[in-house]
Amino acid sequence: MPSLKNDRLLKALCREPVDVTPVWIMRQAGRYLPEYRATRERAGSFMRLCKTPDLACEVTLQPLQRFALDAAILFSDILTIPDAMGLGLFFSEGQGPQFVCPLRHSSDIQRLQVPDPERLNYVYKTIQLVQHELAGKVPLIGFCGSPWTLAAYMVEGKSQPGFPLLRKLQQENPQLLHKLLDTLAKSVCVHLNAQIIAGVQVVMLFDTWGGMLPLPEYELFSLFYLKQIIAGLIRHYNNRKIPVILFTKGGSHFLPQMAEAGCEGIGVDWEISLNAARAKVGKKVALQGNMNPARLLDSHHAIRQEVSNILDAFGPGEGHVFNLGHGITPDVPPENVSVMIDAVHELSKAYHLPYNRSPYAE
Ligand code: CP3
């Protein structure tokens with residue numbers, strides 16, 4: 001593995017000093033980029049794009065060719081695990097993800113097994129290709145979904161407001177749901193460790209639907225399994241610590257509990273200011289976020305102002321990774337992303353003064 005030329009993300013996640021605040025974007029390789037749409041067209045479908053390592057590598061690198069990003073994120077999807085378990089993932093135009101065989105009966109859950117890593121080999125192959133191309137330019141982030149979020153899609157069969165079938169299962173047969181969550185936690189752990197061995201330098205757990213739960217249920221049905229996964233991960237590889245980022249969308253009220261999960265960083269959405277979030281987690285973890293993706297539709301001036309507000313809300317010191325509070329939307333003009341990234345690097349210098357001040361200066 002070549003040495004890293006830009007390790008700001010790793011340092012910020014470990015709450016070490018950096019010259020400027022690192023920045024990357026959730027869904028940075030996505031439909032707002034015309035070159036992404038062109039490659040997806042060539043692949044024929046989103047799933048073919050995910051499963052063709054050459055093309056998945058190409059789209060992983062596309063945003064880095066345009067923008068001064070401090071990290072790459074593997075192009076894949078959280079739902080590749082249930083796909084590898086045999087549920088048959090597909091996307092139809094204008095719809096979210098869907099499964100051919102959702103979990104409808106208790107026997108569907110009983111017979112579910114940790115998938116053979118061979119079935120996810122295309123992911124590891126993509127990681128190797130990306131690392132070869134990156135040649136140490138920036139770190140590569142690997143990821144998985146949380147067991148709760150994966151279960152939501154697997155039980156429901158698709159994205160459905162409030163996930164009524166999942167909630168019904170939770171109320172009527174919590175034991176069976178726990179069995180499913182346990183199998184998923186084991187699967188996630190195996191898949192993330194294989195990603196680490198293939199070359200990712202950071203891992204992120206996406207808990208998109210954990211925020212729908214009240215705190216005691218969040219702890220029991222989501223956080224418990226996230227902790228189990230983190231405890232089972234390879235934490236050092238190639239003489240480097242592998243930082244873990246935990247993101248529960250809508251989870252700002254769980255921050256103190258998440259900070260105890262064993263992760264290095266927590267992704268924060270825009271429901272809370274970083275100032276308040278920092279007060280809730282203290283020095284335990286780094287924070288990643290938290291610009292509202294809708295602000296990327298504003299004027300260049302307004303985008304710079306919003307970046308400035310967020311940097312100011314976090315304040316001086318270590319432990320901030322700039323990001324959006326959720327994925328970038330397809331309607332964002334790419335030049336607005338440049339404005340945001342350049343503003344982060346330019347305006348954040350003032351918050352890292354001890355690092356930037358010359359040792360010879362008065
Ligand atoms: O961030 C990145 O650039 C890496 C790639 C990535 C994708 N999905 C690619 C993708 C990551 C990290 C994900 C995670 C993911 N996938 C989550 C968790 C994060 C979140 O957004 O809450 C979830 C819930 C999924 C499941 C999923 N996949 C949904 C709900 C959708 C439809 C979203 C939409 O905007 O239509 C997808 C498809 C998907 N995954 C796209 C991309 C770029 C859009 C697919 C396309 O039409 O080309």
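The values are calculated or read from the model by the stated rules, or taken from the named source; none is laboratory data. Since the model is a prediction, treat every value here as computed from it, not as a measurement. All Cβ positions, even for glycine, are placed from backbone atoms using ideal geometry, and neighbour counts span all protein chains on display. Side chains included, ligands, DNA and RNA excluded: accessible areas come from the protein's heavy atoms. Shrake-Rupley method; radii C 1.70, N 1.55, O 1.52, S 1.80 Å.
Yes or no, residue by residue, for (1) open to solvent by less than 20 Å² (accessible area, probe 1.4 Å); (2) out of contact with any Lys or Arg (no Cβ under 9 Å at 6 or more places or on another chain):
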position	(1), (2)
Val285	yes, no
His300	no, yes
Glu306	no, no
Leu311	yes, yes
Val337	yes, no
query = When segment 30-46 is examined, which residues are found to be buried (at least 18 other Cβ atoms within 10 Å of the Cβ), under 17 Å from Tyr122 (Cα atoms) and under 19 Å from the mean Cα position of the chain (by Cα)?
reply = none
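This table checks each residue for (1) within 16 Å of the ligand (Cβ to nearest atom); (2) acidic (Asp, Glu); (3) surrounded by fewer than 17 Cβ atoms within 10 Å (Cβ to Cβ); (4) under 24 Å from Ile25 (Cβ atoms).
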| site | (1), (2), (3), (4) |
| --- | --- |
| Leu246 | yes, no, no, yes |
| Gly251 | yes, no, no, yes |
| Asp269 | yes, yes, no, yes |
| Ile272 | no, no, no, yes |
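Given the structure, is Val138 within 16 Å of the ligand (Cβ to nearest atom), part of a loop (DSSP other than H, G, I, E, B), open to solvent by less than 10 Å² (accessible area, probe 1.4 Å) and modelled with pLDDT of 95 or more? Talk me through it step by step, then tell me what you get.
On the way: within 16 Å of the ligand (Cβ to nearest atom): yes; part of a loop (DSSP other than H, G, I, E, B): yes; open to solvent by less than 10 Å² (accessible area, probe 1.4 Å): yes; modelled with pLDDT of 95 or more: yes.
It is true that Val138 is within 16 Å of the ligand (Cβ to nearest atom), part of a loop (DSSP other than H, G, I, E, B), open to solvent by less than 10 Å² (accessible area, probe 1.4 Å) and modelled with pLDDT of 95 or more.
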ask   = How many of the residues in segment 1-29 are part of a helix (DSSP H, G or I) and not charged (D, E, K, R)?
value = 4
request  = Return the only residue of His301, His326 being out of contact with any strand residue (DSSP E or B) (no Cβ under 7 Å at 6 or more places or on another chain) and without any contact (Cβ under 8 Å) to a residue 60 or more places away in the chain.
outcome  = His301
request  = Identify all residues within segment 110-123 that are more than 16 Å from the ligand (Cβ to nearest atom) and in a helix (DSSP H, G or I); write none if there are none.
outcome  = Gln110, Pro117, Glu118, Arg119, Asn121
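Condition first: touching a helix residue (DSSP H, G or I) at 6+ places or on another chain (Cβ under 7 Å) and either closer than 19 Å to Asp77 by Cα or in contact (Cβ under 8 Å) with a residue 60 or more places away in the chain (or both). Now tell me which residues in segment 214-244 satisfy that. Walk me through how you get there before you give the answer.
Let us first name the residues in segment 214-244 that are touching a helix residue (DSSP H, G or I) at 6+ places or on another chain (Cβ under 7 Å), namely 215, 218-219, 221-223, 225, 228-229, 232-234, 237, 242-244.
Once the filter is applied, which keeps residues that are touching a helix residue (DSSP H, G or I) at 6+ places or on another chain (Cβ under 7 Å) and either closer than 19 Å to Asp77 by Cα or in contact (Cβ under 8 Å) with a residue 60 or more places away in the chain (or both), segment 214-244 yields Phe221, Ser222, Tyr225, Ile229, Pro243, Val244.
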Unmet criterion (only one of (1) part of a loop (DSSP other than H, G, I, E, B); (2) open to solvent by less than 10 Å² (accessible area, probe 1.4 Å); (3) among the hydroxyl-bearing types (Ser, Thr, Tyr)) for Thr126 = (1)
task = Output the residue which, of all residues in segment 47-56 that are over 12 Å from Tyr124 (Cα atoms) and surrounded by 14 or more Cβ atoms within 10 Å (Cβ to Cβ), is nearest to the ligand (Cβ to nearest atom).
result = Leu49
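Per-residue answers, yes or no, for (1) assigned to a loop (DSSP other than H, G, I, E, B); (2) at pLDDT 95 or above; (3) touching a strand residue (DSSP E or B) at 6+ places or on another chain (Cβ under 8 Å):
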{"residue": "Trp148", "(1), (2), (3)": "no, yes, yes"}
{"residue": "Pro161", "(1), (2), (3)": "yes, no, no"}
{"residue": "Gln170", "(1), (2), (3)": "no, yes, no"}
{"residue": "Asn193", "(1), (2), (3)": "no, yes, no"}
{"residue": "Ile197", "(1), (2), (3)": "no, yes, yes"}
{"residue": "Phe206", "(1), (2), (3)": "no, yes, yes"}
key: Matching residues in segment 252-266 - criterion: being part of a helix (DSSP H, G or I) and closer than 18 Å to Gly232 by Cα   = Met258
task = Filter segment 315-333 for residues that are open to solvent by 10 Å² or more (accessible area, probe 1.4 Å), in contact with a Ser or Thr (Cβ under 9 Å, 6 or more places away or on another chain) and either at pLDDT below 95 or within 10 Å of Tyr351 (Cβ to Cβ) (or both) and give the result.
result = none
message = Cβ-Cβ under 7 Å, sequence separation 6+ or interchain: first residue in segment 29-41 and basic (Lys, Arg), partner in a helix (DSSP H, G or I) and more than 6 Å from the ligand (Cβ to nearest atom). Which pairs?
response = Arg31/Arg37; Arg40/Leu49
inquiry  = Just to check your reading of the model, which residue among Asp70, Asp83, Asp77 is under 27 Å from Pro330 (Cα atoms) and assigned to a helix (DSSP H, G or I)?
reply    = Asp83
query = In segment 36-53, is there at least one residue being of a type in the set (A, V, I, L, M) and either at positive phi or part of a loop (DSSP other than H, G, I, E, B) (or both)?
reply = no
inquiry  = Among the residues of segment 191-211, are any over 30 Å from Arg8 (Cβ atoms), surrounded by fewer than 21 Cβ atoms within 10 Å (Cβ to Cβ), more than 16 Å from the ligand (Cβ to nearest atom) and without any contact (Cβ under 8 Å) to a residue 60 or more places away in the chain?
reply    = no
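Take the conditions part of a helix (DSSP H, G or I) and either open to solvent by less than 30 Å² (accessible area, probe 1.4 Å) or in contact with a strand residue (DSSP E or B) (Cβ under 9 Å, 6 or more places away or on another chain) (or both) and apply them to Ile230. Does it pass?
Working: part of a helix (DSSP H, G or I): yes; either open to solvent by less than 30 Å² (accessible area, probe 1.4 Å) or in contact with a strand residue (DSSP E or B) (Cβ under 9 Å, 6 or more places away or on another chain) (or both): yes.
Answer is yes for this residue.
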remark   = Checked Ser187, Ser146 against criteria (open to solvent by less than 10 Å² (accessible area, probe 1.4 Å), within 14 Å of the ligand (Cβ to nearest atom) and touching a residue at least 24 places away in the same chain (Cβ under 8 Å)); the one match is Ser146
